[in-house]
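*Asks:* My structure is below; once you've seen it, I'll send some questions.
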Amino acid sequence: MFAYALLICLPMLAFGQDFLANQEFNRFDVDGDGNIEPREVQQYFRRFDADGDGRISRQEYRDEVDTHHINFPEAHRALLRLFDEIDYDNDNHLDQSDYNTLFNNADANQNDLVSHNEFVTYFHQLTGGPVLG
């Protein structure tokens, strides 16, 4: 059992925030074309909205993060911090306004697409990880 747990944890230990940023980029990039579009941001967050009201409460967000990252403390902490960073209007919910701001802030070259590099750079800024390239 310990060996299995170690095997699962090794990628996170080896790559830390970079691994998490890449993993989250792939989750956002629903169509797998190497860029994130505004509709993909909405699709990404839709899975967090347990009650279907179009907004994500702190508890809904935490429940989703706990489900997927509770065994990876670094990822868990970073993603929980992310809620506060992307709740731009500080209303304790994530909604369309927050998604739009997140996308616009990540889209450094303002071409209406967020590239892998743009995403990873902004993700690290939000979560306190290293800023790449």
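*Asks:* If I ask for residues that are surrounded by fewer than 19 Cβ atoms within 10 Å (Cβ to Cβ), touching a Leu at 6+ places or on another chain (Cβ under 8 Å) and not in a helix (DSSP H, G or I), which ones from the stretch 96-128 would you list?
*Replies:* Selection gives nothing.
*Asks:* Restricting to the stretch 30-67, and then to whatever is open to solvent by less than 40 Å² (accessible area, probe 1.4 Å), without any contact (Cβ under 8 Å) to a residue 24 or more places away in the chain and of a type outside the set (Phe, Trp, Tyr), can you tell me which residue is nearest to Thr121 (Cα to Cα)?
*Replies:* Across the stretch 30-67, the extreme among qualifying residues is Glu40.
*Asks:* So is Asp29 of a type outside the set (A, V, I, L, M, F, W, C), modelled with pLDDT of 90 or more and touching a Lys or Arg at 6+ places or on another chain (Cβ under 9 Å) or not?
*Replies:* Values: of a type outside the set (A, V, I, L, M, F, W, C): yes; modelled with pLDDT of 90 or more: yes; touching a Lys or Arg at 6+ places or on another chain (Cβ under 9 Å): no.
Criteria not met by Asp29.
*Asks:* Also: Count, please, the residues in the stretch 78-91 that happen to be exposed (fewer than 14 other Cβ atoms within 10 Å of the Cβ) and assigned to a loop (DSSP other than H, G, I, E, B).
*Replies:* Summing the residues that are exposed (fewer than 14 other Cβ atoms within 10 Å of the Cβ) and assigned to a loop (DSSP other than H, G, I, E, B) in the stretch 78-91 gives 3.
*Asks:* Among the small types (Gly, Ala, Ser) and in a loop (DSSP other than H, G, I, E, B), is that true of Ala75? If you could, list the steps in order and put the result at the bottom.
*Replies:* On the way: among the small types (Gly, Ala, Ser): yes; in a loop (DSSP other than H, G, I, E, B): no.
No.
The values are calculated or read from the model by the stated rules, or taken from the named source; none is laboratory data. Here the structure is a predicted model, which means the values were calculated and not measured. A quick note on method: Cβ atoms are made from the backbone with ideal geometry, for glycine too, and the neighbour counts reach across all protein chains shown. What goes into the accessible areas is simple: the full protein's heavy atoms, side chains included, and nothing from ligands, DNA or RNA. Shrake-Rupley method; radii C 1.70, N 1.55, O 1.52, S 1.80 Å.
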